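Rule-based calculations on the coordinates, nothing more; no lab input. Just so it is clear, the model here is predicted, and its values are computed rather than measured. Cβ placement follows ideal geometry from the backbone for every residue including glycine, while neighbour counts extend to all protein chains displayed.
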Amino acid sequence: MTKQLPKNFAWGNSTSSMQTEGAWNIGGKGKSVYDDRLATDDSSNWHDAIDEYHRYNEDFDLMAEQGMNFYRFQISWSRVNPTGDGEFNEEGIKFYSDLIDALLKRNITPMICLYHFDMPLHLAEKYNGFLSRHVVDAFVRYGEEMVKRFGDRVKYWITFNEQNLYHMSESFRIAGYLKGDRTDDELYQISHHVMLAHAGIANYIHEQSDCKIGGMLAYSEVYPASPNPKDILYARQINEFLNNDLLDVFVYGQYSNEVMTYVKNHNINMDYQPEDDDVLIKVASDFIAFSYYRSDTISAELVPEGTIPNYYLDKGVKKNPYLKASEFGWQVDPLGFRDILTKVYNEYDVPMFPIENGIGLREEFEGSEIQDDERIEYHREHIQAMKDAIFEDGVEVIGYLGWGLIDIPSSSGNMDKRYGTVYVNRTNHDLKDMKRVPKKSYWWLQHVIETNGADLSDLK
């Protein structure tokens, strides 16, 4: 008998607010750190995105026609609270309330992400973002209010997109940090404060609602570049410092013993206060969410002596000769996807939820359907790897969400790097008409969803 995915398996899309909404200065929205960023030769500004603020009904119709039953979107903190820690903006809250109703009307289950790098500008300028505990308190206040407003209709929540990025050099760019020396102490303070903010909302949800919440990681499989024992050590340390350290809190309510020993031995001041124990120990996760795009390999010989494990990947990545790469240099590795699903589930025994997956490609619409066979192959291989994790390894998986399955600017603002099964007619510097045009992959994924993942073959 052919093994089947559960009937309620989630198939859907995943996005952020600044990459979709536009409408940066209307509806009572305050500025975020993205709103003053200028266009460059290979990126757009953040003022328009794909104009989801005005066009979400059109896009939800496309998602519903494709068969999607799940959508993870993000609330813009500065749209619902213009300064981040002041009065709430009822017009912004109504926008999301109407958006949620539009999803439910189409039988699409909503999932809310509360933060995707777009710190309210006021909190960045006045407090240096999550370097300050004031911003932790402001985030918890904001998050609790959103749960109060929407928790009756939205049952799936995450706090921070790709929370382990706050443990890496990327942290300073995404935490609202505008000034300072980017010290190791500051890195660890930001990552700890972000965890306290996550804990505040996770604990509130579990104490005050029937909603589900989980932690989310950006999970790249990292292999040793060779059998050199030091490469193997570095690969293991990367996983411990950038993944397990957070998973231990998400599931067990305490940081990794190895990481905390390193912090103590190296006299790192992470602003850990005695009362923080009481907040973290109560944390639990109903699922583990993660993004997955690629794998990396680490070569210890490329990493300068004295580099903290959090920064190994900045220095020591080597190309894997066994994998092909996208035109943007990301190495495609579906087996790494399976390995992450299986090893994390084996270790933590919590349902897994991959909520971002996809491949960025350059595409231009010239009047006929875009033949994005490379995207179809990418999703086919990763969905098959996920099925292998489920059926061969026994992993409990909630669903599979693609990233930006209607084209959006990339995380750097580059409209040339497209992930969608639907083309959006704009470029980095020309908004054109933003017409939505399904690609070949749209119809392929529609059939995959229609068969609940049973048939991944090419359309006849």
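Evaluate the distance, in nm, between pseudo-label points positioned 7 Å from the Cα of Glu91 and of Thr307 along their respective Cα→Cβ axes.
Rounded to a tenth, the inter-label distance reads 4.9 nm.
So what is the relative contact order of segment 256-350, in percent, for Cα pairs below 8 Å that sit 6 or more residues apart?
26 percent
Stretched out fully, how many nm does the piece from Leu335 to Thr183 gain, at 0.36 nm a residue minus the Cα gap?
Value of the extension gain: 51.1 nm.
Given contacts defined as C-alpha pairs under 8 Å and at least six residues apart, what's the relative contact order of the chain, whole-number percent?
17 percent
Taking the Cα centre as origin and putting +1 on Lys and Arg beta-carbons and -1 on Asp and Glu beta-carbons, what dipole magnitude results for the chain, to the nearest 20 debye?
Dipole size: approximately 500 debye.
Pop the C-beta distance of Ala64 and Asp433 into the FRET formula with R0 = 22 Å and round what comes out to the nearest 0.05.
The pair Ala64/Asp433 has a calculated efficiency of 0.45.
Using the structure shown, list the pairs from Lys212/Lys387; Lys31/Lys417; Lys7/Lys387; Lys230/Lys315 with a Cα-Cα distance above 19 Å, or answer none.
With Cα atoms farther than 19 Å apart: Lys212/Lys387; Lys31/Lys417.
Just for the chain, what percent of DSSP beta bridges are antiparallel, to the closest 5?
20 percent
Sorted by mean Cβ packing within 10 Å, highest first, what order do the peptides 11-18, 411-418, 261-268 take?
Highest mean packing first, the order is 11-18, 411-418, 261-268.
With a ≥ b ≥ c taken as the square roots of the eigenvalues of the C-alpha gyration tensor of segment 304-460, please select rounded if a/c is under 1.5 and otherwise prolate if a/b is larger than b/c or oblate if it is not?
oblate
Return the lysines within reach of Lys29: Cα separation strictly under 27 angstrom, same-chain partners fewer than 8 residues apart disregarded; answer none if there are no such residues.
Lys94, Lys105, Lys126, Lys148, Lys155, Lys179, Lys432, Lys435
Return the equivalent ellipsoid semi-axes of segment 416-460 as a descending list in whole Å, where each equals the square root of 5 times an eigenvalue of the C-alpha gyration tensor.
Equivalent ellipsoid semi-axes, largest first: 28, 9, 7 Å.
Run the quick spin-label model on His266 and Arg133: label points 7 Å from Cα toward the beta carbon, then report their separation in nm to one decimal.
Result for the modelled spin labels: 2.4 nm.
Roughly how many debye, to the nearest 20, is the charge dipole of segment 68-114 about its Cα centre, given +1 on each Lys and Arg Cβ, -1 on each Asp and Glu Cβ, and no other charges?
340 debye
222 nm [θ] for the chain, helices only, -39500 (n - 2.57) per DSSP H run of 4+, per residue, to 500?
Rounded to the nearest 500, the figure is -11500 deg cm²/dmol.
Using a basic spin-label model with each label point 7 Å from the Cα along Cα→Cβ, how many nm lie between Ala284 and Lys315?
My value for the distance between the label points is 4.2 nm.
Would you mind classifying segment 210-333 by shape? Square roots of the alpha carbon gyration tensor eigenvalues, ordered a ≥ b ≥ c; an a/c under 1.5 is rounded, otherwise it is prolate if a/b is larger than b/c and oblate if not.
Judged from the Cα gyration tensor, segment 210-333 comes out oblate (a/c at least 1.5, b/c at or above a/b).
Which of the three applies to segment 202-255, rounded, prolate or oblate, going by the alpha-carbon gyration tensor with a ≥ b ≥ c and a/c under 1.5 meaning rounded?
prolate
If you count, for each residue, the other Cβ atoms within 10 Å and average over each peptide, how do 140-149, 184-193, 401-410 line up from highest to lowest?
401-410, 184-193, 140-149
Taking Cα centroids, how far is segment 293-308 from segment 357-385 in Å?
Cα centroid of segment 293-308 versus Cα centroid of segment 357-385: 30 Å apart.
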